[in-house]
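Just below is one structure, and these are the notes that go with it.
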Amino acid sequence: MTETDTTTLRLGSHQLQSRLIVGTGKYATFELMQECLTISQSDVITVAVRRERLVDAAGRSILDFIDLNRYTILPNTAGCFTADDAVRTARLGREILLGLENPGASWVKLEVLGDTKTLLPDPIATLDATKQLVADGFEVLCYSTDDPITARRLKDAGATSVMPAGSPIGSGQGILNPNNIRICLEYLKEGDPTYPVIVDAGVGTASDVAFAMELGCDGVLLNTAIASARDPRRMADAMRLACRAGYLASQSGRIAKKLYATASSPESGLISAEHGR
C-alpha cells in the first residue's frame, strides 16, 4: 500500500494527495506560515479573500511565501454575512487566481456566517449562495452546521462537498456531536459513497483530526489549531500524522466494543501444575 493509495481524495475536478487542508491565517509571521505549510504536507491551502491581508507591515506579500506551483489555493468567503456578499467575494477570488494561473480558480470554500459571536453558518443564506455559485460554474465546498437535513439540501443544490463544523470556528472544542456527523455521512453518501465530506472548524489537537477521520470523514480542514498552537511546527506535523492514522484506522475496521475482556492469547495448551511435575 503506497502513500498515494491511502490519501488520494477527489474533490470535484481536483485530485488531492493529502486529506488535510490547512489555512494561512493567524500566523505570527509569513515565514512561520510557510514552514508549517511545508510540514503539514498539504497540497491545498485556503486563503480568506476578504480578510487576508496580502501585504504585511513590512510591505511583503503573502504570495511571496506561497509556492503557487506546489499548492492549489482554495479561496474562501470568510467574513461574509449575506449570500450576495459571499457570491461577490467568490468571484473576486476566481479573478485573482485566474490572474495567477492557479487551478484553485475553479472552486470556492463557501462561508456565509449568521453572526459574529458564534461564527456559525446561516443555513438559508448558505443554500442560496450555493445555488448561485453552482449556476455560475463554481465547484462549491460548503461550510455548514452538523445538521444532516441542511447538509443534504446543500448536496442537492449541487455542492461539490459539504463540510460540517465539528464545533465553532477557532474554538478548539473538537467534534462535539459525533452522532450528527455520522448521520451527515449516512445521508450524504447514500447512493454515492465517494461523495466527499470534510470536517471544517473546531479542531483543537491531533486527536480531533484522527477522530474525524475514524468517523468516516474524507478529510479535515483546519487553521487555528496549528497557527495558534504553542509550537505550530510540531502541531503541523502532528496534524499530518493524525490525518493519515485516522484514515487508515477507518479503512481497517475497528474491533467491536465488548463489556467484558477477551483473551488475546489461546486458552488451550496452558502449562498446568500437573505438567510441571
Handout entry: At R0 = 22 Å, FRET efficiency that the Cβ-Cβ distance of residue 192 and residue 92 yields, to 0.05
Key = 0.10
Problem - Positive-pole candidate from 40, 96, 82, dipole of region 29-123, charges at beta carbon - result: 82
Problem - Antiparallel DSSP beta bridges within region 22-109, percent to nearest 5 - result: 10
Exercise for the section: Give the long-range amide H neighbours of residue 47: residues separated by 5 or more places, or on another chain, with amide H under 5 Å away, using H modelled in the peptide plane at 1.01 Å from N. Expected result: 74, 76
Completion exercise
Long-range amide H partners of residue 139, meaning residues 5 or more apart or on another chain whose placed amide H is closer than 5 Å, are 107, 108
Practice task
Using just the helices of the chain, give the 222 nm mean residue ellipticity in deg cm²/dmol: DSSP H runs with n ≥ 4 each add -39,500 (n - 2.57), and the total is spread over all residues, rounded to 500.
Solution key: -11000 deg cm²/dmol
Problem - residue 69-residue 205 pseudo-label distance in nm [points 7 Å out on the Cα-to-Cβ vector] - result: 4.0
Problem - Rounded to 5, the percent of DSSP beta bridges in region 3-252 classed as antiparallel - result: 20
Practice task
Give me the lysines in straight-line cross-link reach of residue 257: C-alpha distance below 28 Å, same-chain residues under 8 apart excluded.
Solution key: 189
Problem - Net length gained if the chain between residue 115 and residue 180 were fully extended (0.36 nm per residue, minus Cα distance) - result: 21.2 nm
Practice task
With a 10 Å radius around each residue's Cβ, average the other Cβ atoms per peptide and rank 86-95, 223-232, highest first.
Solution key: 86-95, 223-232
Practice task
Name the helices (complete DSSP H segments) of the chain with a Cα length along the long axis of 27 Å or more and a Kyte-Doolittle mean of at least -1.0, or state none.
Solution key: 232-252
Fill in the blank from the handout: With +1 on the Cβ of every Lys and Arg and -1 on the Cβ of every Asp and Glu, the dipole magnitude of region 3-252 about its Cα centre, in debye rounded to the nearest 20, is 240
Problem - Dipole of the chain [Lys/Arg +1, Asp/Glu -1 at C-beta], most positive-end residue of 132, 180, 21 - result: 180
Handout entry: Rg [Å, one decimal], Dmax [Å, integer] - the chain, C-alpha atoms
Key = 21.1, 87
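Sort region 75-183 into rounded, prolate or oblate with this rule: let a ≥ b ≥ c be the square roots of the eigenvalues of the Cα gyration tensor; rounded if a/c is under 1.5, and if a/c is not under 1.5, prolate when a/b is larger than b/c, oblate otherwise. Can you show the working numbers first?
Working: a/c = 1.81, a/b = 1.58, b/c = 1.14.
Cα axes put region 75-183 in the prolate bin.
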Handout entry: Those residues of region 59-98 whose amide nitrogen sits under 11 Å from the label point placed on residue 136, 7 Å along Cα→Cβ
Key = 83-95
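Bear in mind these aren't lab numbers, they're just calculated from the coordinates by the rules spelled out. Every value quoted in this text rests on a predicted model; they were computed, and no experiment measured them. Backbone-built Cβ (ideal geometry, glycine too); neighbour counts: all protein chains shown.
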